[in-house]
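Here is the structure we will look at, set down as structure tokens.
The values are calculated or read from the model by the stated rules, or taken from the named source; none is laboratory data. Computed from a prediction, not measured in an experiment: that's the story for all the values here. For neighbour counting, all protein chains shown are included, and Cβ atoms are generated from backbone atoms with ideal geometry for every residue, glycine included.
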Amino acid sequence: MQFNELTAILRESNSLTREHLGKMTGLSASAIDKFEKTGEGISQANKVKIAGIFNIDSEFINNKLAYPFGQDNFFKYHMLSKGIFPGFPGYQPLYAILEITGNLEIVSLMPELSGIKKFTQRSIFEEPAYAIAIRDRKNNIFLLRRKNENEFIMWGGGLKSPLIRFFEMAKSEDRNINLSISAKQLENSMYSKLKTKWDKIKKDDIETLFKSSEMFKKIYEPTNTEIEILQALKKDNIQSLSNEVRLLIKKYIEHEDQLSVYEVIHMMENEIKKRKTSV
């Protein structure tokens with residue numbers, strides 16, 4: 001990854017417009033736009049300014065093999081709201097960190113009560129995460145949160161999911177990518193802090209999440225048997241099921257070749273909410 005590409009991702013994930021970054025550096029929005037797309041059009045001094053704004057090691061400006069994040073830092077990013085499917089964020093900041101570092105511990109941070117879990121009244125599907133905590137080999141901590149309240153962060157299933165993308169990157173890169181992934185259910189106080197006091201969160205708040213002896217097991221994904229259950233439900237005795245489950249099966253049949261089961265569930269849940277509010 002080049003410095004200009006990382007700049008574009010970090011600017012967006014920090015909710016900065018090109019105009020805002022331009023004011024911080026004395027550059028025009030068009031100059032920022034050209035630089036992000038081509039890597040050209042601004043001076044070395046301005047590149048150093050931009051690196052300083054995002055706490056990036058200036059050596060990375062001209063050497064993409066240099067490590068840009070330094071050591072013992074704390075970074076807070078938003079997932080980009082440019083997902084391919086509405087309701088799911090774009091994961092570019094997460095992929096950028098993985099591409100650059102290649103060696104990460106990841107904790108998926110979930111609320112205590114998931115809307116999907118309450119709706120299905122069973123836990124055969126992955127619960128959505130509200131945020132993701134990451135620690136790299138230099139003890140940098142990254143905290144990534146969804147930008148929009150109505151978005152879900154889903155890990156498994158589907159061609160566009162982060163886990164599938166991780167595997168693709170690991171195969172395409174001429175180096176090892178090592179991941180340790182776990183899931184942690186947040187206490188209400190921490191969940192509330194993530195939602196309402198984002199600017200007050202410190203590195204110490206997040207670093208403790210990596211100290212549990214139970215961490216870094218494989219993140220939960222549905223087994224083949226559990227997926228087969230869903231596939232069987234769509235074939236047999238559909239009329240005896242609840243309207244909600246029948247809707248799930250209908251959506252699954254319509255979209256099983258394009259979307260993961262998690263994305264189908266999200267579609268279904270939104271449709272049910274719309275039906276209830278229109279009654």
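Does Lys37 satisfy being within 24 Å of Leu104 (Cα to Cα) and at pLDDT below 95?
no
Confirm whether Glu59 is in contact with a strand residue (DSSP E or B) (Cβ under 9 Å, 6 or more places away or on another chain), more than 21 Å from Lys202 (Cβ to Cβ), among the acidic types (Asp, Glu) and in a helix (DSSP H, G or I).
On the way: in contact with a strand residue (DSSP E or B) (Cβ under 9 Å, 6 or more places away or on another chain): no; more than 21 Å from Lys202 (Cβ to Cβ): yes; among the acidic types (Asp, Glu): yes; in a helix (DSSP H, G or I): yes.
No; evaluated as a whole, the condition is false for this residue.
Report, by residue number, each residue of the stretch 26-65 that is in contact with a Pro (Cβ under 6 Å, 6 or more places away or on another chain) and not aromatic (Phe, Trp, Tyr).
Ile56, Asp57
Does the stretch 13-26 contain any residue that is crowded, with 19+ Cβ neighbours inside 10 Å and either in the same structural domain as Leu179 (by TED's automatic domain parsing) or touching a residue at least 60 places away in the same chain (Cβ under 8 Å) (or both)?
yes
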